1. Is it fair to say residue B:349 is closer than 27 Å to residue B:502 by Cβ and either away from chain A (no Cβ under 13 Å) or assigned to a strand (DSSP E or B) (or both)?
2. Which condition from (1) surrounded by 18 or more Cβ atoms within 10 Å (Cβ to Cβ); (2) not in a helix (DSSP H, G or I) is the one that residue B:571 breaks?
3. On the basis of being surrounded by fewer than 24 Cβ atoms within 10 Å (Cβ to Cβ), at pLDDT 95 or above, in the same structural domain as residue B:328 (by TED's automatic domain parsing) and over 30 Å from residue B:251 (Cα atoms), does residue B:413 make the cut?
4. Right, residue B:46: in the same structural domain as residue B:172 (by TED's automatic domain parsing) and in a helix (DSSP H, G or I) or not?
5. I want to confirm something. Restricting to region B:488-508 and keeping residues that are buried (at least 18 other Cβ atoms within 10 Å of the Cβ) and free of Cβ contacts under 8 Å to residues at least 60 places away in the same chain, which single residue is farthest from the chain's Cα centre (by Cα)?
6. Tell me, yes or no, whether region A:23-35 has at least one residue that is more than 9 Å from chain B (Cβ to nearest Cβ), within 26 Å of residue B:301 (Cβ to Cβ) and either out of contact with any helix residue (DSSP H, G or I) (no Cβ under 8 Å at 6 or more places or on another chain) or at pLDDT 95 or above (or both).
7. If a residue has to be within 14 Å of residue A:25 (Cα to Cα), away from chain B (no Cβ under 14 Å) and surrounded by 14 or more Cβ atoms within 10 Å (Cβ to Cβ) to count, how many in region A:106-135 make the cut?
């Protein structure tokens, strides 16, 4: 399955991926409207590490299973959202075992990576080459 | 008619911790255009609203967190805020910038800045979202380290927040307490953390989700893309992302400016052990960047033997001040000290300087074992240094005095202590020895917050131009640096390093400003704003000090009187007449009088007639 692969050792946590994702999807400056989320997590005396949350386009996606209207569906191995069918029940957000579907307070549909149709913006922009597209 | 179409939100959040009132103030358009943001907003608000002579640690002092029109956007390294207040360390204008996700989160909550006054009855923290601000209980966090507190706040609010946190240093009003965020980032050297503590304010948390309005998003994205491509194509890029500012240790050693033994020398025999190369080879385990930064400088490093597996984020200033300046040539120990300082929320530069000062005072008999709880202080003595650091933050024995900063400590100790108290205007000198760099000494002397390098990192330029050169051109260049670094970057409130380190052209910033705000600015106009901000910061100091003297703009006596004994510049001191000449050039070029007071003409040219009017009640303006 195609998906975005994250290399935590290269990442710097700059969130340029989040910024460009929101721009590509909505044309806005708003890193919270991104379909990929990077967090830098730390413990008291270390370690510090960068984590990425982004759809893995699972072979057997739980989000698709729980979606009551068929808004989430699989097309050519990619999980896709049909916004017209979405009733904003957020079942998918809770069902995703990787916490990779997001709810934004101002949007009535979930944020889930669609790989930008095969040429993901985040991968193109990442200055550290921490993101790549696995075919 | 200028129309603002984005970049700014046009709103300031006002919080009074005494009566817990919260208000939103709409910003006047002219104010935004005249002061831009960050330091510009901060100094104007403090000038207008603080009565002369306010005790910096009283409820009347105001604490300002300010962004600028490019902050948080798709602009290189834009994740910064300015923290400002009347400084408890210097008694003058104090500010510092810090890389934090709170920058974007504040703007995504709808605010350009926060102004906090009053004092909470119990420990509190402020939680800000687009739904408004809340003052929340922080008794469970009081007493805890800054890193620990940050972690607990994330457990409470999730990871998608921005934070500003203080540690025990701020709570105990250590005069150089700073604000900490995201494990290893610090800001607010002139005691902004102590101002938090004096208000019983443990932290500020912001969680935003609104769009930040931008006039021309497509253009902004284009400029960002080009900037990233440019930065990544630069010859120095690989070295920068592998060492960040840490390559400077070796550079400073080679140029005899690495502060060593309380600025006695500019070279350190064990420099390699604490160098960027050693760090990259043996200690660095992760890189970390601020928001929107394509050239991350964060060096998360891990101790190897002593304090094994302890992590800390290293950069040049903290390693030099906790390394060579106190005679430590062991990176593990530097990591330990740096980690403790971050948990305590105290400034690494000032604490390193206070420790070095104490060691020199001990060697000269000005303090004794009675003051140090029996510790025999010496350079490189790890055990006594670690204990002394603890005494400072716990304000025990001599530590209580050292927590006041080296200026106050020297005044109390008397004798010749003032000669080796390495500060200007009460702010400890950051990590460049200037025995053989009079221009850099001037940069420290006239820095608008006390001795810090952020306004004019003049040293590399001075070395290229010639250390011995005493000319108007030299000082013109210094002022240009102040305009760009202390003026443009501190008001736009984005990081200066893309321009400094990798040569991103200044011309790109007015273009980004136009894309963000829709307003045309030329670089010349931004320089004028920078000069306005400098005149206003100066006016603030003069009002507080009740006048001005040239000596306030002088570095400490050690650089004039005690020559270097090691390295290629052995024998060098700064000649007083040379420093004085450079200072006179500086005043002339700024149109300040021979005592460093801006003239009426300087105020008029920068649109500060009202400031001149008020200041003329205190001093005579020429």
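1. yes
2. Unmet for residue B:571, out of (1) surrounded by 18 or more Cβ atoms within 10 Å (Cβ to Cβ); (2) not in a helix (DSSP H, G or I): (1).
3. When the stated conditions are applied, residue B:413 passes them.
4. yes
5. That would be B:499.
6. There is no residue in region A:23-35 that is more than 9 Å from chain B (Cβ to nearest Cβ), within 26 Å of residue B:301 (Cβ to Cβ) and either out of contact with any helix residue (DSSP H, G or I) (no Cβ under 8 Å at 6 or more places or on another chain) or at pLDDT 95 or above (or both).
7. Looking only at that region, the number is 8.
Quick grid of which residues meet (1) part of a loop (DSSP other than H, G, I, E, B); (2) out of contact with any strand residue (DSSP E or B) (no Cβ under 9 Å at 6 or more places or on another chain); (3) surrounded by fewer than 24 Cβ atoms within 10 Å (Cβ to Cβ):
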| site | (1), (2), (3) |
| --- | --- |
| B:30 | no, yes, yes |
| B:41 | no, no, no |
| B:54 | yes, no, yes |
| B:65 | no, no, no |
| B:78 | yes, yes, no |
| B:81 | no, no, no |
| B:90 | yes, no, no |
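The values are calculated or read from the model by the stated rules, or taken from the named source; none is laboratory data. As the structure is a prediction and not an experimental result, all values here were calculated from the model. With ideal geometry, Cβ positions are generated from the backbone for all residues, glycine too; neighbour counts draw on all protein chains shown.
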